[in-house]
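Just below is one structure, and these are the notes that go with it.
The values are calculated or read from the model by the stated rules, or taken from the named source; none is laboratory data. Model, not experiment: these values are computed from the prediction. Neighbour counts run over all protein chains shown; Cβ positions are idealised from the backbone, glycine included.
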Amino acid sequence: MLTACLQLCSIDSVEQNLEKVDLLLRQAVEQGVHLAALPENFSFMHPDFERKQKFAHHQAPEVLSFLAKAAKKYRLTIIGGSLLLPGRNDKLRNACPIYDREGECLGIYDKMHLFDVDLTDGRYHESAQIEAGDTPLVVKIDEWRLGVSICYDLRFPELYRWYAEQGCNLLSVPSAFTVPTGQAHWEVLLRARAIENQAYVLAPAQVGTHPGGRRTYGHSLIIDPWGTIVARATDCGEDSGELICAELEPDLLVQIRHRLPSLAHKKIFRQ
């Protein structure tokens, strides 16, 4: 199955962001892609909480409708990166919807691990605005079982091992990694998740400078179950976005799991 990751520099204009996404989806279909993955916060990025709330309550339904219509129009399964949806207690949800080729929603995953850190480029306290999810999401896409995650989830390997135990052979990690953490950890963590769980990893990312001055790392990746990077975006393409594509090969996955059956060798340690 030919698969694509979209890399974007999203801004605070939903209309302009969706225009870029639609253009890249059209290009993907022209190349024969059947599954496309979008980055975190693909439709709207701005640090102001009031503007985020306005988006979640008034514009997010438009974005969900866009994804459903695009999936049906282009006959694509779409991993909808993430967008902000209304939560409880005046907080929001950072949620990833999945749409099949008929435009039907297969499920919505709420980001479980929230980014509360102090870095050289700024302080991030996602939990002040976002309500954490508590439920993983597994979705069947043709012969693939997809385990869904978002950005900071990447640092918690137990989530991906749980997905592997549920039979997942494909993992998605839509992200908006900061530049300092991206330079230090992005590639090595993604390759580790692929190797540990002997699964393909799709990692579409934000890139460039966004409203409010936040900078993201880019370098979207598609990685095979051996940990080999089979497609890589650059740290450029802020204006028009970038599309990377790779073939997911079931035979390769079977071969790797047969030659090195590490998933069957797991030991449970109890104190």
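Details
- Condition check for residue 32: in contact with a helix residue (DSSP H, G or I) (Cβ under 6 Å, 6 or more places away or on another chain) and closer than 28 Å to residue 145 by Cβ: no
- Assessment of the stretch 126-137 against the conditions (outside any loop (DSSP other than H, G, I, E, B), of a type in the set (A, V, I, L, M), at pLDDT 95 or above and closer than 23 Å to residue 249 by Cα) yields no matching residue.
- Lone unmet requirement of (1) buried (at least 20 other Cβ atoms within 10 Å of the Cβ); (2) touching a His at 6+ places or on another chain (Cβ under 8 Å); (3) not basic (Lys, Arg) for residue 163: (2)
- Listed by position, the strands (runs of 3 or more DSSP E) inside the stretch 186-271 whose residues that are more than 30 Å from residue 46 (Cα to Cα) number at least 2 are 229-232, 242-247.
- Residue 153, sole failed condition from (1) assigned to a helix (DSSP H, G or I); (2) at pLDDT below 95; (3) charged (D, E, K, R): (2)
- Some residue of the stretch 187-200 being surrounded by fewer than 16 Cβ atoms within 10 Å (Cβ to Cβ) and within 22 Å of residue 94 (Cα to Cα): no
- Flag if residue 221 is buried (at least 19 other Cβ atoms within 10 Å of the Cβ) and out of contact with any Lys or Arg (no Cβ under 6 Å at 6 or more places or on another chain): no
- Any hit, the stretch 94-104, residues being under 16 Å from the mean Cα position of the chain (by Cα), small (Gly, Ala, Ser) and modelled with pLDDT of 95 or more: yes
- Residues being more than 19 Å from the chain's Cα centre (by Cα) and more than 16 Å from residue 8 (Cβ to Cβ) - total across the stretch 215-257: 10
- Within the stretch 122-150, the set of residues being crowded, with 19+ Cβ neighbours inside 10 Å, of a type outside the set (D, E, K, R) and closer than 20 Å to residue 91 by Cα comprises 130, 133, 149, 150.
- Candidates 207, 254, 201: the one that is touching a His at 6+ places or on another chain (Cβ under 9 Å) and either modelled with pLDDT of 95 or more or farther than 22 Å from residue 153 by Cα (or both) is 207.
- Residue count, the stretch 49-93 (criterion: β-branched (Val, Ile, Thr) and exposed (fewer than 13 other Cβ atoms within 10 Å of the Cβ)): 0
- Only one of 42, 66, 49 that is hydrophobic (A, V, I, L, M, F, W, C) and over 19 Å from the mean Cα position of the chain (by Cα): 49
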